[in-house]
Structure formats: structure tokens, C-alpha cells
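Working notes for the structure below.
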Amino acid sequence: MSSEARELPRPALTTRNAEPPTIGTALLFPGQGVPPETVAETLSARTTDPLAVRLARHVGGTDWHGHDYTDPRVLQPTLFVASLLRARHADPGPAAVVLGHSMGELAAMTYAGALSDEDALEVVVRRAHLCHEQNARRPGAMVVLIGADPARAEWLRRCAVARTGGVLEIAAWNNARQVTLAGDPDSITDVTARADKDGLAVVPLAISGAYHSPLMAEAADRFAAYLADVPLRPPEVEVMSTILCRTVSTPAELRSVLVMGLVAPVRWMESLTAAHDRGITRGYDVGPGTILAKLSRRHGPTRVHPLKGVS
């Protein structure tokens, strides 16, 4: 059935319908770089939630601290559910806009009402399986460079590609001194050695796959075909795409962003700037963890706080 023809009732958003959106507040949903223990802690506290119960069927049970979070088939759906539950149960209040870093965009869209919980979880599970299969066909890895400005990071990337002849791309522009690279194992090894020699801090990510790079292009094509029949609706809260650095509102735009997000880079700094230009001066890192609050700490006038402690 065509997704455009399938009309769904709009769900009640219990934490956002009581009053008009608060101008100037954003909710930020993280991607796969969060510490697995923070995901496990969140889910352990919400094991009986209906969404967590459904999640357990997909990942093999509720031993949240015992799962293999290096497997995208585990990490992606567990992170999605953990972020969504934190946003809802902490009740940070109404937001003017939501942003997601990498696959955090799926949680942001779901929180905003563009997808039902049931459909969204199925989308995440399908995405995770496609990514796992793609990494088996074309293995990849990811690494964070800390202390490299964009020009230096691009220099290191280009030099590594020249030496290896492989694939290596900027996967995420996190802040002015931090980027994430994704590529084939040989290129990641090369750029890691050179960056370390140059005195940069290098943090390998315990993620199976080269997300936001051409190595995920085949998975993106398959994901696009799958999403064609998934029902989406215009969100009730503005969604700022961190791929396009602008808001997206139609089902077609939302699908496009989700597909592009497997290959295109996350432009986090630019997205925060775009949000600020729309009047956003305060943001809450939904978590789990506080990685987005830390990434955004020095970024211009938009203040990003951990969700912990928000009433």
C-alpha cells in the first residue's frame, strides 16, 4: 500500500499538548556513539514499558547489561527505545524543535509524532539488519579525531585515501575541534596512525560499519525501498534535519532524510546554528548519556544541557 494513501490518526502527545511550544527550546537525540552502559541503565529502569517489552522480543530478552552493543541489530533499536523513553518520562516540557544526531533522527521524528511507536521500532530494526548485512559485504569502521579543525581533518583524510586507495569520509562534523571519520579498515588504520603521530586524540568507535559513507550506499537503496510503504505524517513538533541543516515536514522529506543519513555526513555544528537562527537558544540532550551536551558545549549561543535533573 502506498504510504501517501494510508492515513493514520494523529496520536496524543501527552508531554506537549498542554500548552503551546516553548519558543527557544530544542530536544536533542544522540546517535550510536553513546556509552552502551547508559542505554542498559535506562532500559533496566523501564523494562515493563510496552515499548521496551516489544524491543525485548527483537533483541533476545531483557538482560540489558548482557547484550552485545557492538552489533547494530542490538545497539540501534535499544538506543532508539532508550532515548524515546527518557524524553517522555523525564518530561522536559514542550519543545519548539527536535534534532537527532545520526540515527537519533528516527527517535526525534517519532517523538515529534511523524511515526507511530510500533512502525518506528520496525523501521529501526529493519535499518539495523540492513546495516549489519552491508557491513558483512563491505566491512567498515569509524574513528573520532579530537583536536582537529575541519581543514586539518580533511587534510588527514585525503592523505590517507591517497596512500590506501580506499574509502574514507568525514562522517560527522561534531564541533569545531572534533570530527568522525568512516571508511574501510585499511584507511581507518592509516588515518589513525597519522593522527596519533600528529598529536591528536583518536577514539575508535565500537560500531560495526562505516556509517555516513559510500560503503553504506547499497543499504541506503534497500532502506529506501522499505520506507516507501511505511506510513509517516507531518510532525507535530518541528524536525531539524542534521543532514540538510533545515527543518523537514512532509513525509517525502522525512523519508529522504532517513535514507540520506546512511551515506551523507552529520552536520551537527551547522544544524545547531540553523536552529539558533530560528530562535533556539536552549537545548536538552535527551540521552542516554550526555554526549551531545559535551559536543555542543562550546558551540555559539545555543546552550545544551543534559536532560538529567530536568523536571
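Mind counting the residues in segment 82-114 that are among the basic types (Lys, Arg) and closer than 20 Å to Gln32 by Cβ?
Count: 1.
Looking only at segment 245-271, which residues are aliphatic (A, V, I, L, M), part of a helix (DSSP H, G or I) and farther than 18 Å from Ser83 by Cβ?
Ala252, Val259, Met260, Met269
Residue by residue through segment 155-168, note down the ones that are in a helix (DSSP H, G or I) and of a type in the set (Val, Ile, Thr).
Step one: list which residues in segment 155-168 are in a helix (DSSP H, G or I), which gives 155-164.
Result: Val161, Thr164.
Among the candidates Ser208, Ser187, single out the residue that is among the polar types (S, T, N, Q) and assigned to a loop (DSSP other than H, G, I, E, B). If you could, list the steps in order and put the result at the bottom.
Numbers: Ser187 fails: assigned to a loop (DSSP other than H, G, I, E, B).
Being among the polar types (S, T, N, Q) and assigned to a loop (DSSP other than H, G, I, E, B) holds for just one of Ser208, Ser187, which is Ser208.
Identify the single condition in (1) surrounded by 20 or more Cβ atoms within 10 Å (Cβ to Cβ); (2) within 30 Å of Asp277 (Cβ to Cβ); (3) not assigned by TED's automatic domain parsing to the domain that holds Gly104 that Gly183 does not satisfy, given that it satisfies every other one.
With respect to (1) surrounded by 20 or more Cβ atoms within 10 Å (Cβ to Cβ); (2) within 30 Å of Asp277 (Cβ to Cβ); (3) not assigned by TED's automatic domain parsing to the domain that holds Gly104, Gly183 is out only on (2).
Step by step: first the residues of segment 87-106, then only those that are farther than 17 Å from Val257 by Cβ and crowded, with 24+ Cβ neighbours inside 10 Å, then the one that is farthest from the chain's Cα centre (by Cα). Which residue is that? Give the steps one after another, and end with the answer.
We begin by selecting, within segment 87-106, every residue farther than 17 Å from Val257 by Cβ; these are 87-96.
Filter once more, so that each one left must be crowded, with 24+ Cβ neighbours inside 10 Å: 87, 95.
Working: Ala87: 15, Ala95: 18 Å.
Going through the qualifying residues, I end up with Ala95.
Could you list all residues from segment 208-248 that are over 15 Å from Thr110 (Cβ atoms), in contact (Cβ under 8 Å) with a residue 12 or more places away in the chain and among the small types (Gly, Ala, Ser)?
Ser208, Gly209, Ala210, Ser213, Ala217, Ala219, Ala220, Ala224, Ala228
Please find, within segment 1-32, the residue that is surrounded by the most Cβ atoms within 10 Å (Cβ to Cβ) out of those that are at pLDDT 90 or above and in a loop (DSSP other than H, G, I, E, B).
Gly31
For the list (1) under 25 Å from Met142 (Cα atoms); (2) in contact (Cβ under 8 Å) with a residue 40 or more places away in the chain, I need the number of the one condition that Arg282 fails.
With respect to (1) under 25 Å from Met142 (Cα atoms); (2) in contact (Cβ under 8 Å) with a residue 40 or more places away in the chain, Arg282 is out only on (1).
Name the residues in segment 103-128 that are of a type in the set (Ser, Thr, Tyr) and assigned to a loop (DSSP other than H, G, I, E, B), would you? Show your work before the answer.
Restricting attention to segment 103-128, the residues satisfying the condition of being of a type in the set (Ser, Thr, Tyr) are 110-111, 116.
The one that is of a type in the set (Ser, Thr, Tyr) and assigned to a loop (DSSP other than H, G, I, E, B): Ser116.
Taking the condition of being under 27 Å from Asn135 (Cβ atoms) and assigned to a helix (DSSP H, G or I), how many residues in segment 277-293 meet it?
Number of matching residues: 2.
State all residues of segment 129-139 that are assigned to a helix (DSSP H, G or I) and within 22 Å of the chain's Cα centre (by Cα); if no residue qualifies, say none.
Taking segment 129-139 first, the residues assigned to a helix (DSSP H, G or I) are 129-137.
Answer for segment 129-139, where residues must be assigned to a helix (DSSP H, G or I) and within 22 Å of the chain's Cα centre (by Cα): His129, Leu130, Cys131, His132, Glu133, Gln134, Asn135, Ala136.
Would you point out which residue out of Ala219, Ala274 is assigned to a helix (DSSP H, G or I), at pLDDT 95 or above, in contact with a Cys (Cβ under 7 Å, 6 or more places away or on another chain) and not assigned by TED's automatic domain parsing to the domain that holds Gly166?
None of the other options fit; the residue is Ala219.
Select from segment 53-77 the residues that are under 16 Å from Ala206 (Cα atoms) and of a type in the set (Ser, Thr, Tyr) and write down the one among them that is surrounded by the most Cβ atoms within 10 Å (Cβ to Cβ).
Once the filter is applied, the top-ranked residue is Tyr69.
Residues in segment 140-154: is at least one modelled with pLDDT under 95, assigned by TED's automatic domain parsing to the domain that holds Asp184 and assigned to a helix (DSSP H, G or I)?
Yes, because at least one residue in segment 140-154 is modelled with pLDDT under 95, assigned by TED's automatic domain parsing to the domain that holds Asp184 and assigned to a helix (DSSP H, G or I).
The values are calculated or read from the model by the stated rules, or taken from the named source; none is laboratory data. Owing to the predicted nature of the structure, the values given are computational and were not obtained by experimental measurement. Glycine gets a Cβ as well: all are built from the backbone with ideal geometry, and neighbour counts include every protein chain shown.
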